[in-house]
Amino acid sequence: MSIKTLALAAALFGQLAAAHAGELTLFSRDNFRGEEVTIRDGSRDLREAGFNDRASSLVVHSGVWEVCEHKDFGGYCAVFERGEYNDLRRFNNSISSLRQVERGGRGGGAGGFRDRDRDGVDDRVERREERMERRDDRRDERGGGYGQNRPDPIELFEHAGLGGRRVSVQGETRSLSGLGFNDRASSMIINEGQWQLCEHDNFGGRCVIYGPGRYDNLGPMNDQASSLRRIR
């Protein structure tokens, strides 16, 4: 193979690599204002770029990127496709690592969702909530009331974003081991009451109180809950 042929092949390879390379710019303020940093090869820890937990908006120039709240692609993650995101909502000042991923997939970190309407909420969660609201409306039309069709007071989910295995709890539970759910809850729905989640059996260790609502991520109790009880 001639030197000219090798040079041409190298040039073509460089063009192909450039076509597949991703590029993303983070901004320290919303609406693409403030300080900025452009990432091309991903980052396991944005502290190295002096931008940990500082991004409030971003632009994906090319590629598909997984953005995570903790270093080494841990914690809550989302997938951002090419476009401009002037308000990061769930990820405002909460991005610590990011990497390019294959279209339609993710790089192996936790979470990962599609947010095509760019409202900061997983599209799958929105659809699930819409289905639940329609179910609740139908139940109300039939007269509602506690009974077979009423949701349980609290529902635990194995993965962030209300994904994975689901366990419903009616009342005080001194150990989630009996439900095969010890240290496994990552998100939940509280349909009524205030609940205390604790990191050890029999309500020991650190405890956190949650009120009614949907929690896509349990924060400090993520994969830590071993017991729970209703306190109000």
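Points worth noting:
- FRET efficiency for residue 38 and residue 223, using Cβ-Cβ distance with R0 set to 41 Å, rounded to 0.05: 0.75
- Exposure proxy ranking, count of Cβ atoms within 10 Å, fewest first, for 73, 80, 32: 32, 80, 73
- Interchain or long-range residues, amide H under 5 Å from residue 52's placed H: 47
- Between residue 194 and residue 174, residue separation times 0.36 nm minus the direct Cα-Cα distance comes to 5.6 nm.
- Computed over neighbours whose Cβ is under 13 Å from that of residue 29, the net charge equals -2, Lys and Arg +1, Asp and Glu -1.
- Residue separation of residue 49 and residue 231 scaled by 0.36 nm, minus their Cα-Cα distance, works out to 61.1 nm of gained length.
Values in this text are rule-based calculations from the coordinates and carry no lab data. Computed from a predicted model, the values in this text were never measured in an experiment. Glycine gets a Cβ as well: all are built from the backbone with ideal geometry, and neighbour counts include every protein chain shown.
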